[in-house]
Amino acid sequence: MDTDLICNFKKCRKRLNTFAWVTSCSHIFCDEDGSREFSNQTKCPACDMELEGKLDIVRVDLQPTEQYKSMVLAGQRPEVIMEICTRAVSFWTYQAHQEHIYQEFCISKANEKAQQLESYYKQVSARSNTEITAVQSQNAALTKELDILKSKQNELSEKLLDRSRQYQKLQSMYDSLRRRSITPASFENSPRVKSTRQFELHLGAPCDKEAMKLPFPACKGQQGFVQSRSSLLESDASTDKSINQLRLDHGLAAAVDRQALDEN
């Protein structure tokens, strides 16, 4: 209930409705805290006032019986009764006022903390909004750059397709011209055919007029051919046999050619 008093011990502050410890300095404590604190010392835990008198610390029942109520002030003069009641009401008023001050202090501390948190979160919100704005602007710039790169990619793709078509057209033209330009005469004059003929002449084939112009010893006359082959005969016996057989075949072929010419 709102009329209940609160234990004045800082770490307790629970509502009192059974037994309590009351001091002459107008403080009240729960039965547990009062029994613990006042068993070892006579100093008030709330204001540190020395309580040396016999009635400076009293343990009271906050729910007195009807017999106690009828007998506690019985026989006292009215002015004594009124003084006692006035002091009791003043004690209760002081406790209510102290509780009101404490609640106002807690509210002010809570408001101060709330203002600090509000200021902090306003700063956080401002920083977040600034970062969001920067990220949005960066995102817009990147999006614009991406669009530019996509446009360039499309242009390059179109150019690549155009160049590919031009290349295919030129390749087909080149193949057509190449097929037209290939003739038996050009085939005979090709470097591969010439190199093959030179190799055959070097091995001792018949020497015609064109072969005599080549810078090979075997094509400058039969004597040069014999000299070039005789050096090989001295170095390898097996090669000598093959070359002799080649010479015989060459001589027979040359004799047959001369006989055919004479008959004509």
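The values are calculated or read from the model by the stated rules, or taken from the named source; none is laboratory data. Keep in mind that this is a model prediction, so the values were computed, not measured. All Cβ positions, glycine included, derive from the backbone under ideal geometry; neighbour counts span all protein chains shown. These area figures cover heavy atoms from the full protein model, side chains too; ligands, DNA and RNA do not enter into them. Shrake-Rupley method; radii C 1.70, N 1.55, O 1.52, S 1.80 Å.
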Original post:
All but one of (1) open to solvent by 80 Å² or more (accessible area, probe 1.4 Å); (2) closer than 21 Å to Asp4 by Cβ; (3) touching a helix residue (DSSP H, G or I) at 6+ places or on another chain (Cβ under 9 Å) hold for Gln76; which doesn't?
Top reply: (2)
**OP:** Working carefully through the options Tyr94, Tyr68, find the one that is open to solvent by 90 Å² or more (accessible area, probe 1.4 Å), under 24 Å from Asp4 (Cβ atoms), among the aromatic types (Phe, Trp, Tyr) and out of contact with any Pro (no Cβ under 6 Å at 6 or more places or on another chain).
**Re:** Tyr68
Original post:
From the set of residues in segment 7-38 that are outside any strand (DSSP E or B) and open to solvent by 80 Å² or more (accessible area, probe 1.4 Å), which is nearest to Ala96 (Cα to Cα)?
Top reply: Lys14
